[in-house]
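A quick write-up on the structure given underneath.
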Amino acid sequence: MIPFNKPVQLGSELTDIGRAFVGGQTAGCGPLGEACEARLQAMVGCRALLVSSCTHALEMAALLLEVGPEDEVIVPSFTFVSTANAFVLRGARPVFADVDENGNLDVGEVERLRTARTRAICVVHYAGNSCDMDALRVAARGLPIIEDAAQALGAEFRGKPLGTLGFAGAISFHETKNVGCGEGGALLLPAGELAERAEYLREKGTNRRRFHEGLVDKYTWVDVGSSYVLSELNAAYLSPQLEAFAKIQERRHAVFRAYQQALEEPAERAGAALLGIPAGNTPNAHLFALVFRNGKQRTDYIRHMRENGILTPFHYVALHLSPMGQRFHDGRPLPVSERLTDCLVRLPLFFNITNSEVDTVIGRTLEFLRGV
Ligand SMILES: *Cc1c(COP(=O)(O)O)cnc(C)c1O
């Protein structure tokens with residue numbers, strides 16, 4: 001079987017994690033966690049807090065913004081549940097916006113959906129491709145923008161790292177992302193002054209971090225909070241991948257280009273298309289997607305690939321169609337989100353995929369496209 005994803009393997013993982021274990025600190029905020037934060041900060045150019053997931057980074061952003069029960073937050077419908085849940089947990093209502101052909105929030109929706117209650121906009125840089133952040137900032141007219149940059153480490157919009165362009169950015173180190181440590185994430189804080197409060201939230205509402213740094217002489221309860229710290233064992237797994245980021249990215253880009261060169265024209269001849277890369281982007285080869293003409297064509301493709309030992313999953317089920325999403329949605333159709341729900345499929349793309357596996361995926365896909 002060729003899986004859709006395999007966690008990155010650099011080869012030194014057992015040694016790295018073993019060394020952290022023998023070193024005696026397995027809880028978070030140890031030397032390896034700090035090394036990850038330093039490396040991330042150098043990559044993105046702003047304050048980065050290592051946390052236990054992107055989901056938790058989004059929850060922290062909602063806490064920092066003090067989103068509450070009277071509030072509405074505009075989110076794209078075509079996304080992972082965490083984008084909406086972070087605000088639902090605070091009692092707010094997610095207002096589902098449609099996306100554009102690239103799977104990113106349709107900026108025109110902001111004007112249509114905003115009300116006196118709109119507290120924030122949460123965008124998703126789908127596939128590591130940026131929303132048009134300039135147009136969005138104009139449409140937002142001062143509303144804070146949170147970036148779900150779960151998929152976007154290494155990607156840029158007009159030369160600026162994604163996740164650093166709004167109020168806060170959330171990165172994921174889930175095993176399916178470009179670099180991963182099982183479960184993990186980071187909260188990016190372009191406004192550095194939010195970092196002190198963010199550290200309290202991460203440390204169960206305590207000032208433990210400041211205590212360890214000798215900045216206060218008592219370690220005590222100072223704020224609300226939860227346990228959002230990343231374990232040192234996960235940091236030991238993550239740290240070498242951040243060091244090897246250029247190498248990981250080079251491989252992913254090579255696989256992405258191979259798919260693109262082989263499949264773009266045949267896909268179009270079959271009435272399908274590659275997911276577009278919008279202007280202004282420096283993409284990060286997070287995901288290679290085909291968008292078929294209709295749901296049947298996609299189902300047939302997934303079956304064809306599976307029969308040939310290749311896993312090509314789809315996602316997402318647009319949130320406004322989900323059982324939970326329907327509780328918040330007014331029933332308005334969101335045609336592009338619905339079409340991507342039915343027609344989009346993802347091809348295997350991971351660091352350790354072999355050239356012969358890539359060739360097999362291409363060969364089997366061409367075989368299918370020629371038959372439609
Ligand atoms: C992966 C992903 C998440 C969740 O990340 P976790 O680290 O698993 O919490 C959230 N949003 C998007 C868009 C994602 O792709």
- [ ] Of the conditions (1) within 16 Å of the ligand (Cβ to nearest atom); (2) at negative phi; (3) not in a strand (DSSP E or B), ILE171 clears all except one; give me its number.
- [x] (3)
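Of the residues SER52, SER77, which single one is in the same structural domain as GLY180 (by TED's automatic domain parsing) and in contact with a Ser or Thr (Cβ under 7 Å, 6 or more places away or on another chain)?
Working: SER52 fails: in contact with a Ser or Thr (Cβ under 7 Å, 6 or more places away or on another chain).
Among SER52, SER77, only SER77 is in the same structural domain as GLY180 (by TED's automatic domain parsing) and in contact with a Ser or Thr (Cβ under 7 Å, 6 or more places away or on another chain).
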Open item on the list: I'd like the full set of residues that are among the aromatic types (Phe, Trp, Tyr) and not in a loop (DSSP other than H, G, I, E, B), limited to the range 26-81.
Closed with: none
Open item on the list: Quick test for you: out of ARG47, ARG112, pick the one residue that is in contact with a helix residue (DSSP H, G or I) (Cβ under 7 Å, 6 or more places away or on another chain) and among the charged types (D, E, K, R).
Closed with: ARG47
Open item on the list: Which residue is farthest from the ligand (Cβ to nearest atom), if the candidates are limited to the range 178-190 and must be within 17 Å of LEU58 (Cα to Cα) and either open to solvent by less than 10 Å² (accessible area, probe 1.4 Å) or in contact with a strand residue (DSSP E or B) (Cβ under 8 Å, 6 or more places away or on another chain) (or both)?
Closed with: PRO190
Open item on the list: If I filter the range 89-111 down to residues being assigned to a loop (DSSP other than H, G, I, E, B) and over 27 Å from VAL291 (Cα atoms), which single residue comes out as least open to solvent (accessible area, probe 1.4 Å)?
Closed with: ALA92
- [ ] Given the conditions (1) surrounded by 23 or more Cβ atoms within 10 Å (Cβ to Cβ); (2) part of a helix (DSSP H, G or I), report the number of the one that GLY18 does not fulfil.
- [x] (1)
Task: Top-ranked residue of the range 153-167 - restricted to ones that are out of contact with any strand residue (DSSP E or B) (no Cβ under 7 Å at 6 or more places or on another chain) and among the small types (Gly, Ala, Ser), ranked as surrounded by the most Cβ atoms within 10 Å (Cβ to Cβ) - done: GLY154
Open item on the list: Return the residues of the range 195-229 that are surrounded by fewer than 20 Cβ atoms within 10 Å (Cβ to Cβ), of a type in the set (A, V, I, L, M, F, W, C) and not in a loop (DSSP other than H, G, I, E, B); say none if nothing qualifies.
Closed with: ALA195, PHE211, TRP221
Open item on the list: Yes or no: the range 289-312 includes at least one residue that is small (Gly, Ala, Ser), surrounded by 13 or more Cβ atoms within 10 Å (Cβ to Cβ) and within 30 Å of GLU250 (Cβ to Cβ).
Closed with: yes
- [ ] Name the single residue, out of those in the range 112-152 being β-branched (Val, Ile, Thr) and buried (at least 24 other Cβ atoms within 10 Å of the Cβ), that is farthest from the ligand (Cβ to nearest atom).
- [x] ILE121
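The values are calculated or read from the model by the stated rules, or taken from the named source; none is laboratory data. Since the structure is predicted, the reported quantities are computational estimates derived from the model, not experimental observations. A quick note on method: Cβ atoms are made from the backbone with ideal geometry, for glycine too, and the neighbour counts reach across all protein chains shown. Just the protein is used for accessible areas: all its heavy atoms, side chains included, with ligands, DNA and RNA removed. Shrake-Rupley method; radii C 1.70, N 1.55, O 1.52, S 1.80 Å.
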